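This report concerns only the one structure given below.
The values are calculated or read from the model by the stated rules, or taken from the named source; none is laboratory data. Keep in mind the model is a prediction, meaning the values are calculated, not measured. In this analysis, Cβ positions are derived from the backbone assuming ideal geometry, glycine residues included, and neighbour counts consider all displayed protein chains.
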Amino acid sequence: MANVTRKYLIAGNWKMNKTASEGAELVQEINLALGKQTDVGVAVCPPFTALENCARSLEDSNIQLGAQNMYPKSEGAYTGEVSPVMLRSLFCTFVILGHSERREYFEEDDAFINEKVLAALQSSLKPILCVGETLEQREAGQTMEVVKKQLAGGLEGVKADHADNIVIAYEPVWAIGTGKTATPEMAQEVHKMIRDELVAFYGETAAEKIRILYGGSMKPENASELMDQADIDGGLIGGASLKAKSFIELVEIARAK
Ligand code: PEP
């Protein structure tokens, strides 16, 4: 285990994949293999439309449920949006916020993402805050600066007593869905910087409890080396979370640490 104070978390981001019945099928398979273990935190984040079916399949399971987005209000005239209260009522524990696809395709900025982070915490949802640089930014030597800005912007106003309800996911944009993974050393360098920033925000004790996941083409073939790094506390998994076999394997790799 990278650190005794943190339990690994393997979270699947299904993105816009799986109907409600396909989702339930996938989750049942995962649950059969992993539903009773408690060594590693396991979460699946289906699309909104599959949450209810998945929640039913996960009753009495240790696998947790997360959503992929939310609107930062409890209710009201926001056609097409889904509130944190609604997600809690479907037994969601986590919500992915600030994913690079939402930053890029839906023009979400740090201020809006921050509103969501605060609203999620207010409703006892645990945000998985995604940060990460584009290829252009990496090549221009801006990685640290970009990630620091996203982190500070996303966490503005979050108090230290909420710190251990937060999960950070470092997801280099150039590694998402491309098959290119950051080397363990490249990832660790950024994870360490994130940990240092968290220490500056919340103090050492709180920062040591926050899980920092790596995301970007993580799969059974590369996960072990990534999770060997001191500040990599698991993964946010896209493509490899859509098949029970690879997702289960990833959890087993984390369990073996
Ligand atoms: C993601 O989008 O969160 C992700 C990590 O995707 P993939 O694993 O497919 O790169």
Exercise. Which one is farthest from Val131 (Cα to Cα), of the residues in segment 192-216 that are of a type in the set (Gly, Ala, Ser) and buried (at least 18 other Cβ atoms within 10 Å of the Cβ)?
Worked result: Ala206
Seminar exercise, completed: The residue from Arg56, Arg102, Arg88 that alone is more than 12 Å from the chain's Cα centre (by Cα), closer than 20 Å to Gly177 by Cα and surrounded by fewer than 23 Cβ atoms within 10 Å (Cβ to Cβ) is Arg102
For this session: Just name the residue that is surrounded by the fewest Cβ atoms within 10 Å (Cβ to Cβ) out of those in segment 156-191 that are under 13 Å from Ile210 (Cβ atoms) and in contact with a strand residue (DSSP E or B) (Cβ under 7 Å, 6 or more places away or on another chain).
Result: Asn165
Exercise. What number goes with the only condition from (1) on the phi < 0 side of the Ramachandran plot; (2) away from the ligand (no atom under 16 Å from the Cβ) that Gly203 does not pass?
Worked result: (1)
For this session: Output the residue which, of all residues in segment 59-73 that are over 14 Å from Arg88 (Cα atoms) and modelled with pLDDT of 95 or more, is surrounded by the fewest Cβ atoms within 10 Å (Cβ to Cβ).
Result: Asn62
For this session: Restricting attention to segment 105-149, report how many residues are surrounded by fewer than 17 Cβ atoms within 10 Å (Cβ to Cβ), within 16 Å of the ligand (Cβ to nearest atom) and assigned to a loop (DSSP other than H, G, I, E, B).
Result: 1
For this session: Just need a number here: residues in segment 171-218 that are at pLDDT 95 or above, of a type in the set (Gly, Ala, Ser) and under 18 Å from Glu145 (Cβ atoms).
Result: 2
Seminar exercise, completed: Here the qualifying pairs (Cβ atoms under 8 Å; residues six or more apart or on different chains; first in segment 89-103 and on the phi < 0 side of the Ramachandran plot; second within 12 Å of the ligand (Cβ to nearest atom) and charged (D, E, K, R)) come out as His99/Glu171; Ser100/Glu171; Glu101/Lys15
Seminar exercise, completed: Apart from one, (1) surrounded by fewer than 18 Cβ atoms within 10 Å (Cβ to Cβ); (2) within 12 Å of the ligand (Cβ to nearest atom); (3) not hydrophobic (A, V, I, L, M, F, W, C) all hold for Glu225; the odd one out is (2)
For this session: Output the number of the condition that Ala230 fails; it satisfies all remaining conditions of (1) farther than 25 Å from Cys92 by Cα; (2) part of a loop (DSSP other than H, G, I, E, B); (3) within 12 Å of the ligand (Cβ to nearest atom).
Result: (3)
Problem set entry | Some residue of segment 158-173 being under 28 Å from Ala120 (Cα atoms), among the basic types (Lys, Arg) and within 18 Å of the chain's Cα centre (by Cα) | no
For this session: For Leu213, indicate whether it is closer than 19 Å to Arg6 by Cβ, within 16 Å of the ligand (Cβ to nearest atom) and not in a strand (DSSP E or B).
Result: no
Exercise. Is there a residue being basic (Lys, Arg), over 23 Å from Lys116 (Cβ atoms) and away from the ligand (no atom under 16 Å from the Cβ) anywhere in segment 164-184?
Worked result: no
